[in-house]
1. Within region 148-186, restricting attention to residues that are at pLDDT below 90 and touching a strand residue (DSSP E or B) at 6+ places or on another chain (Cβ under 9 Å), which residue is farthest from residue 299 (Cα to Cα)?
2. Could you list all residues from region 238-247 that are part of a helix (DSSP H, G or I), in contact (Cβ under 8 Å) with a residue 12 or more places away in the chain and farther than 10 Å from residue 300 by Cβ?
3. Among the residues of region 116-147 satisfying the criterion of being part of a loop (DSSP other than H, G, I, E, B) and touching a strand residue (DSSP E or B) at 6+ places or on another chain (Cβ under 6 Å), which is surrounded by the fewest Cβ atoms within 10 Å (Cβ to Cβ)?
4. Under 6 Å between Cβ atoms, which residue pairs at least 6 apart in sequence (or on different chains) link something in region 57-70 that is under 13 Å from residue 90 (Cα atoms) with a partner that is part of a loop (DSSP other than H, G, I, E, B)?
5. So which of 157, 163, 218 is in the same structural domain as residue 305 (by TED's automatic domain parsing), more than 22 Å from residue 343 (Cβ to Cβ) and assigned to a loop (DSSP other than H, G, I, E, B)?
6. Please go through region 171-194 and pick out each residue that is surrounded by fewer than 24 Cβ atoms within 10 Å (Cβ to Cβ) and in contact with a helix residue (DSSP H, G or I) (Cβ under 6 Å, 6 or more places away or on another chain).
7. If you go through region 225-253 one residue at a time, how many are more than 24 Å from residue 263 (Cα to Cα) and under 21 Å from the mean Cα position of the chain (by Cα)?
8. Scan 204, 189 and give me the residue that is outside any helix (DSSP H, G or I), in the same structural domain as residue 278 (by TED's automatic domain parsing) and either under 24 Å from residue 125 (Cβ atoms) or at pLDDT 95 or above (or both).
């Protein structure tokens, strides 16, 4: 679930990453594309604005009340010459035609609507059809992410302390990758990123230090349907020392097109007893040095012009707020990336503070600090080879 705050109104979006989900008849319409375009073309040929409005209103009535479809504009199933469209967006586009003050403007809106139904315009980094950009109302573009409960559908679960909510990789994979491209997660944990890769048709490779956690990740990922027949690979290794280029070459992978990291928030949670684990770093300086090595090791294999996301929070220790996230951000910037966005993401309750809301409120009042209710997502772009 995503909360979209627009004009001080709150809209809840429930979305999953399944691009082949069943039609939601309240939000979607399946149109007979050929017939719909034919009707639009006939309306475009009219030379009086009132006639254009009258004929367009007929189409609007059919979209609102499919039983009145005497033109054959709608289909009850998605097959043949059909297109699935967002009903609200379609009605908005048709109403623009009706509200146009001049015949020239009305015909411009008709041509634009026809184009959105016939032409696909995508960028170099994703599969979003920009001619139908209004339909992607669940793709976040603001820097404040108010996310609801984690997606626990399919193989996703909250059983592992260190996993981030699936909505984060879901958003980034849809926005910054195309189907069939490669995604790398050097702090894989229980496999959240690779589960989303399978759902969205992206190939994924993850690196995890702990063999026990690798076993859990394999179990989670294997339980997710692989309907796009993509590859998911897990390497049991230390990302601070791994030669990523060499490992990818062994698997016939030349490079990756998106990089996402969710490292430990230093020692807030001890994930293992392994001295190479970033959660066991002796100081913040040691933590940043180890994290920097992972950034160095992965730099060469990320394609130029592609994106890199880091999800991390701050730490409170011995009466002092430690801005760990911004220290981490600076480690990335030292290595030639440019900063594209700083996203603030909410969280309501963590496992470490579960059922301790009143205790932490008391501690905050006594200690003169504020309780963490957010973490950061830094988005970078690789601009040099």
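The values are calculated or read from the model by the stated rules, or taken from the named source; none is laboratory data. Everything numeric in this text was worked out from a predicted model, so none of it was measured. With ideal geometry, Cβ positions are generated from the backbone for all residues, glycine too; neighbour counts draw on all protein chains shown.
1. It comes out as 148.
2. Hit for region 238-247 is 247, nothing else.
3. Looking at the filtered set, the residue picked out is 143.
4. Close Cβ pairs (under 6 Å, with a partner that is part of a loop (DSSP other than H, G, I, E, B)) amount to 62/69; 62/73.
5. 157
6. none
7. 6
8. 204
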